[in-house]
Amino acid sequence: MKKIAVVGCGAAGMMAAIAAAESGGSVTVFEKNEKPGKKIYITGKGRCNVTNACDTEDFFDNVRRNPRFLYSAVYSFDSDMVRDFFEKNGCRLKVERGNRVFPVSDHSSDIIRTIFAAVKKAGVKVLFNVKVHSIEARNGRVSEITYSGENDPITREAFDSVIVCTGGMSYPSTGSTGDGYAFARNLGHSIVPPLPSLVPFEIGEGWCKTLQGLSLKNVGLKMFFEESGKKKKKPVYDGFGEMLFTHFGISGPLVLTASSYYERGMGAHLFLDLKPALSEEQLDKRILRDFDDAPNRQFKNSLGGLFPSKLVPVMVSLSGIDPERAVNSITRDERRSFAGLVKSVPMTITGTRDFNEAIITRGGVNVREVDPSTMESKIISGLYFAGEVLDVDTQTGGFNLQVAWSTGHLSGMSAGAGE
């Protein structure tokens, strides 16, 4: 019987352990936290967006980096199979807007409880509060790991295979502190520099901070990169949804998705469309109607029907129009210019928040050095990788957890079945 170590008891680690045990392996999971699935617990705002119920072909459209690498993993354990796994193990699921899948209970703890029960049922040994210090190899093959408990001496133990499921660096309070990158690097792997992703933007314009706490629904957002100081004509991101102003800039689902397209070092600009349902011409007619209804009203008091009250003074200021002017004195060109502003409010990205606020990590173990059909290292036999430790990331909506389930399942099967 093959002796298999799984490092990490998160989504990928637990699924890998189950698959490895069901493939005939004797499996031990090493987890430095005191309990399983700490990051699962906080996903989906504590509800756990388990997966996405879209067609498998559509899944890959939501993978931002290295989608082809995931073909074997996802097709061998897709969203339907994930849902079937949880339902058969007693956790009922539901599908919400955007094909997002959640437990019926709306409690992420039920997802953790269900999969960890399956881990124990498979006969897997789980060690908590245990830190893995190194993974050793001899003659190009995994040989042993070194580990220790909190107050215990370092132990060396031989294993036939090791599956690294340590996560990335996002939400380090959950234990994701980049351990897997060190293991991989020490065994000859290259690491694509890890960066925060699905993360809020920091914005240069001061007016953003004055809107702290304001949430906007059904707005559009475009992002452009500069090339030689000039804005590119085609947006790198064009989305629609909900966003939130903060003390540092902007956040919310729309912004988090946009952040996966952001390239550090590029001059990046955002343009916010406050009225995406209207064309600029339709908006101009709407503004003109409002002006005609009260022609002597001051400009600053004429916009209550267009924007939340907190946003009005900001839009007045950005327009350059004297707030005290009566609307009947505003020229056609000024009005049209204002309509253009409403459709394209400019913001300058100065950076992103750090890993403490990032949902996922972009970067990780270079997938060119990993066999996509097995998740086994091309450098060290018996070494496998799964989940966020790999250089694969997706948009929001349950796709990242699906990557964890799929790559975990494939790595476990491969490790258990391998020679």
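Just so it is clear, none of the values below were taken in a lab; they were calculated from the coordinates. Here the structure is a predicted model, which means the values were calculated and not measured. FYI the Cβ positions are ideal-geometry reconstructions off the backbone, even for glycines, and counts take in every protein chain you see.
A few points about this structure:
- Listed by chain and number, the lysines whose C-alpha is less than 20 Å from the C-alpha of residue 38, apart from same-chain residues fewer than 8 away, are 120, 125, 131.
- Shown here: Rg and Dmax of the Cα atoms in Å, derived from the displayed model; of the candidates [x] 22.5, 71; [y] 20.3, 62; [z] 25.4, 86, it corresponds to [z].
- Applying the criteria of a DSSP loop state and at most 15 other Cβ atoms within 10 Å to the GluC sites (Glu not before Pro) of the range 1-92 yields 34.
- Cα-based helix-to-principal-axis angle, 280-293 vs the chain, degrees rounded to 10: 50 degrees
- Anchor residue 39: aspartates and glutamates whose Cα lies under 14 Å away (excluding residues fewer than 8 positions away in-chain): 31, 110, 357, 388
- Using alpha-carbon coordinates, inclination of helix 399-417 to the longest axis of the chain, degrees: 10 degrees
- Backbone N atoms of the range 307-329 closer than 13 Å to the 7 Å Cα→Cβ label point of residue 293 belong to residues 307.
- Extension gain for the segment residue 266 to residue 127, taken as residue separation times 0.36 nm less the Cα-Cα distance, is 45.6 nm to one decimal.
- Simple label model, 7 Å out from Cα along Cβ direction - residue 234 to residue 336, nm: 2.9 nm
- Gaussian network model of the chain, springs between alpha carbon atoms under 10 Å - residue of 108, 381, 337 with greatest fluctuation: 337
- Separation between Cα centres of the range 3-41 and the range 288-325, rounded to whole Å: 59 Å
- Qualifying aspartates and glutamates (Cα of each under 16 Å from Cα of residue 275; at least 8 residues distant if same chain): 238, 242, 284, 290
- Contact order for the chain, expressed relative to its length and based on alpha carbon pairs under 8 Å spaced 6+ residues apart, stands at 27 percent.
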